[in-house]
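Inspection log for the structure reproduced underneath, given as structure tokens.
The values are calculated or read from the model by the stated rules, or taken from the named source; none is laboratory data. Everything quoted here is computed from the prediction, not taken from an experiment. Here Cβ is always computed from backbone atoms with ideal geometry, including for glycine, and neighbour counts include all displayed protein chains. Keep in mind that these areas ignore ligands, DNA and RNA; they rest on the heavy atoms of the full protein, side chains included. Shrake-Rupley method; radii C 1.70, N 1.55, O 1.52, S 1.80 Å.
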Amino acid sequence: MSEKQLMRGSQVIAEAAIRAGCRFYAGYPITPQNEMTEYMANAMAELSDGTFIQAESEIAAINMVLGASTAGVRSMTSSSSPGLSLKQEGISFLAASELPAVIVNTMRGGPGLGNIAPSQGDYFQATRGGGHGDYRSIVLAPASGQEQADLTRKAFEYADKYRTPVLILVDGMMGQMMEPVIFPDPIDALDLPPKPWILDGAKGRPSRIIKSLILNTREMEDHNWKLARKYENIAREITTAESYLTEDANMVVIAYGTAARIAKGAIKRVREMGLKVGLFRPITLYPFPSKELLEMSRVVKHFLVFEMNTGQMIEDVRLSLEGRSTIHFYGRPGGIISTPDEISKEISSIYYRQHLEEE
Amino acid sequence: MNIVENFDLYAPRLVDKEEYFSAGHRACQGCGEALAIRMMCKALGSDTVIVNATGCMEVVSSFYPTTAWNLPWIHVAFPNAASVGAGVEAGLKVLRRKGKIADRDVKTVCIGGGGGTFDIGLQALSGAMERGHDMLYACFDNEAYMNTGIQRSGATPFGASTTTNPAGRASSGKGEWKKNITEIIAAHGVQYAATACHSYPLDFMNKVKKAREVKGPTFIHCLAVCPTGWRIPSEACIKMGRLASETGIFPLYEVENGKYRMTIKPEKLRPVGDYLKAQGRFRHLTPEDIERIQEKVYQEYNKLQDKVNNLHAWSELK
């Protein structure tokens, strides 16, 4: 463990990646995540075995990561919303070719070029696959500096274990906010288990092939089912969520990342007023913690989904609850950062309208 | 009579009095790019559609709900200015042909920064130049991704320190040479390609006017001094642009139908150290580094002079 350090979120992810054995990073400038790229430029130069490349485009960066991953090194790229759109082809190829990679999306207001303010408008893109074809990416949504450090470590572990791209979904607020962080001990990249599938020359052994082109429809079908089974395993093994003050709650707010931090503040306020409200915070957005939510719906009949968009995660909430509880929604798209006060007003207005104080 | 004192008398004959890129935008103090855009627009006139790739100019000129633009203007993503420009040009052409809009010579002008042209936009630019759209692509090159906080690009010169190529213990700034974008575009066989700089206003505006007259793809590579990113005082903007030409590190020339011509030719090149030592981004360079850059500048300059002296216009080649 490191000493406690005060650090900006973007730099936390970069430092945590290096400590996780990431030795290849390719980036391209885009606000609000340039601090990550700049940190990597410096940190990789300090390492004897680190490579930093500033690519000529986001498409180039993700495909450099694909190449580095093929060579067996723990690799990462980062960008912000418009840049992630450009990276989708590469992510689809990573998923299809079963190559590990970590991709950070510091979301900003969209669509189009939008703005550079914190937003959660890329939930659909991240959790539904994003690129073309029948695939999913693991999506992790940290909500604090410390969690950015911990989940970055996990992201690399998941990527290698499942040989699949892992997305870390944050926003400008998470990226710019400075919080105290304790880093896990660094991993020596050489100590990582060997990957028996990498392309590194074939002297003395049959050559290996990595590809995503499968023209035979039967084989393609098999490959699709293989990936689907992998995603089922992932859902069984890594799904995580945080429940906060939910034991006695008769209403629960569902939010992730920055929105969850704001909601937590709001819940503390309404608790002081005697309202029995809790927070359910998905930490893995894909796989979505559906079972946990369904379990909760046995007692909780009112959920408020709060997102910094016009309503995206709410679809996963609906799918999870299967009509068992009432779902309310509060959204602020476009880079607006709600205040805890604003959310507490929304919570209490629903709370009293539904006469939950009488329960 | 002094021409400056009688500016109102002489200037209208030289340049359009109309402001198409108006004051009040949010560019940094001493921004060469904003100045260059203003001059370019004056040379283009009002029958122009500007297609702006993301970069400093879009951010500083279009902060909602204001705009500095008094020309038709569309802003698009980083890689796409030349593609969108191609669409605009082709769209206008078909509407003109069908008689849906007046048959006027409306010029499509794409503008992009160094990164948007040299790096991410190069594919689209090459495609547009190859297909032969009637458009001017003007690159305003401030030699790094300044808008996002000074990251290196293919346009960043050798030795410059940027936030992703920082000079320090492990590195002495960018270790690669700047791409020669004008040569890349000239190799597409366009009728007109030129380098320019805002520090030579009439030379620059003449080049824009020349490019505007060509019915086909044209390209201008304008060095845009960036006091913020180059770490120079804002009042040194014009001087630095002049030094770039006087030292030969950024020679001003044009390639017209295959014929090379120096439009501003220094009688004798000043040592490149005069240019490098004046800028914070080169502060860490050792005398050996400067010597290395000097050799490269001479070599490139001589290569250019060789072309100026020996290459013929296409029409002279049988």
>> Which three numbers, in whole Å and largest first, are the semi-axes of the equivalent ellipsoid of segment A:192-274 derived from its Cα gyration tensor as √(5λ)?
In response: 49, 18, 11
> Quick one: Cα centre-to-centre distance for segment A:19-55 and segment A:170-227, in angstrom?
Replying inline: 18
> Cα-Cα over 22 Å: which of A:Lys195/A:Lys226; A:Lys154/A:Lys276; B:Lys239/B:Lys268?
Replying inline: A:Lys154/A:Lys276
> Using a ≥ b ≥ c from the Cα gyration tensor of segment A:31-131 (square roots of the eigenvalues), is it rounded, prolate or oblate, where a/c under 1.5 gives rounded and otherwise the larger of a/b and b/c decides, a/b for prolate?
Replying inline: oblate
> Which percent, nearest 5, of DSSP beta bridges in segment A:5-238 are antiparallel?
Replying inline: 20
>> Can you compute the modelled spin-label distance between A:Lys203 and B:Met262, with each label point 7 Å from Cα toward Cβ, in nm?
In response: 5.3
>> Rounding to the nearest 10 and keeping the result within 0 to 90°, find how far the Cα-based axis of helix B:287-310 lies from the longest principal axis of chain B.
In response: 40
>> Using only alpha-carbon positions, what ratio does the radius of gyration of the protein assembly as shown give when scaled by 2.2 N^0.38 Å?
In response: 1.08
>> Just to confirm a number: summing +1 for Lys and Arg and -1 for Asp and Glu over residues other than A:Val73 whose beta-carbon lies under 10 angstrom from that of A:Val73, what do you get?
In response: +2
> Mind listing which trypsin sites (Lys or Arg not before Pro) in segment B:30-131 are in a DSSP loop and have 12 or fewer other Cβ atoms within 10 Å?
Replying inline: B:Lys98, B:Lys100, B:Arg104
> Comparing A:Thr246, A:Thr37, A:Thr217, which has the greatest mean-square fluctuation in the GNM of chain A with Cα pairs linked when under 10 Å apart?
Replying inline: A:Thr217
> Which whole-angstrom value gives the distance between the alpha carbon centres of segment B:57-108 and segment B:151-217?
Replying inline: 23
> When chain A is modelled as a GNM with alpha-carbon springs shorter than 10 Å, which of A:Ile62, A:Ile138, A:Ile209 fluctuates the most?
Replying inline: A:Ile209
> Quick one: Cα convex hull volume of segment B:1-83, Å³ per residue?
Replying inline: 111
> Could you give P(r) for segment B:93-188, binned at 5 Å from zero, as whole percent values over all Cα-Cα pairs?
Replying inline: 3, 12, 19, 17, 13, 11, 9, 6, 4, 3, 2, 1, 0
> Per-residue HN-Hα couplings for segment B:110-116, Karplus 6.51 cos²θ - 1.76 cosθ + 1.60 at θ = phi - 60°, whole Hz, x for Gly and Pro?
Replying inline: 9, 10, x, x, x, x, x
>> For peptide B:163-169, what's the mean number of Cβ atoms from other chains within 10 Å of each residue's Cβ?
In response: 5
> When the C-alpha atoms of segment B:137-189 are aligned to their principal axes, what extent does each axis show, in angstrom, from largest down?
Replying inline: 44, 22, 10
> Rounded to the nearest 10 Å², what accessible area does A:Ser80 show when all protein chains are kept and the probe is 1.4 Å?
Replying inline: 0
> What accessible surface, in Å², does a 1.4 Å probe find on A:Leu47, ignoring ligands, DNA and RNA and rounding to the nearest 10?
Replying inline: 50
> Buried accessible area for the B:A pair, summed, 1.4 Å probe, in Å² rounded to 100?
Replying inline: 1300
> Hey, what do the phi angles of segment B:157-162 turn into as Karplus ³J(HN,Hα) couplings, whole Hz, using 6.51/-1.76/1.60 and θ = phi - 60°, x for Gly and Pro?
Replying inline: x, 4, x, 6, 8, 10
> When DSSP assigns beta bridges and you keep just the ones with both residues in chain B, what percent turn out antiparallel, to the nearest 5?
Replying inline: 30
> Could you work out the helix-only [θ] at 222 nm for chain B, with each DSSP H run of four or more residues adding -39,500 (n - 2.57) and the total divided by the number of residues, to the nearest 500 deg cm²/dmol?
Replying inline: -11000 deg cm²/dmol
> What number of lysine-lysine pairs in segment B:15-140 show an alpha-carbon separation below 25 angstrom, given a sequence spacing of 8 or more or placement on distinct chains?
Replying inline: 6
> Given the convex hull over the Cα atoms of segment A:242-358, what projected area results after averaging over all orientations, in nm²?
Replying inline: 6.4
> Over what distance in Å are the Cα centres of segment B:241-281 and segment A:323-350 separated?
Replying inline: 60
> How do A:199-208, A:10-19 rank on mean C-beta neighbours within 10 Å, highest first?
Replying inline: A:10-19, A:199-208
>> Students sometimes get this wrong: rank B:Cys31, B:Cys41 by accessible area, probe 1.4 Å, all chains present, largest first.
In response: B:Cys31, B:Cys41
> How high is the FRET efficiency between B:Asp306 and B:Glu19 when r is their beta carbon distance and R₀ equals 30 Å, given to the nearest 0.05?
Replying inline: 0.10
> Counting only other chains, what is the mean number of Cβ atoms within 10 angstrom of the Cβ of each residue in peptide B:111-122?
Replying inline: 2
> Can you list, largest first and rounded to whole Å, the semi-axes you get for segment A:5-238 by taking the square root of 5 times each eigenvalue of its Cα gyration tensor?
Replying inline: 27, 21, 16
> Between B:Tyr298 and A:Arg236, what is the FRET efficiency for a Förster distance of 56 Å, r being their Cβ-Cβ separation, to the nearest 0.05?
Replying inline: 0.25
> Listed here are the pairs B:Lys210/B:Lys259; B:Lys207/B:Lys303; B:Lys174/B:Lys277; which of them are more than 18 Å apart at the Cα?
Replying inline: B:Lys207/B:Lys303
> In a GNM of chain A with a 10 Å cut-off on Cα contacts, which of A:Glu147, A:Glu35, A:Glu342 has the highest mean-square fluctuation?
Replying inline: A:Glu342
> Rg and Dmax of segment B:14-317, using alpha carbons, in Å: what are they?
Replying inline: 18.8, 65
> Residue farthest toward the positive end of the dipole of the protein assembly as shown, with Cβ of Lys/Arg at +1 and Asp/Glu at -1: which of A:Ile267, A:Ile59, A:Gly114?
Replying inline: A:Ile59
> Which stretch or stretches of segment A:104-127 have amide N atoms under 15 Å from the point lying 7 Å from A:Ile336's Cα along the Cα→Cβ direction?
Replying inline: A:109-110, A:117-121
> At what distance in nm do the modelled label points of A:Asn224 and B:Trp177 sit from each other, each positioned 7 Å from its Cα along Cα→Cβ?
Replying inline: 5.2
> Rounded if a/c is under 1.5, else prolate if a/b is larger than b/c, else oblate: which is segment A:74-169, with a ≥ b ≥ c the root eigenvalues of its Cα gyration tensor?
Replying inline: oblate
> Ranked highest first by the average count of other Cβ atoms within 10 Å around their residues, in what order do B:274-281, B:296-303, A:123-130 fall?
Replying inline: A:123-130, B:274-281, B:296-303
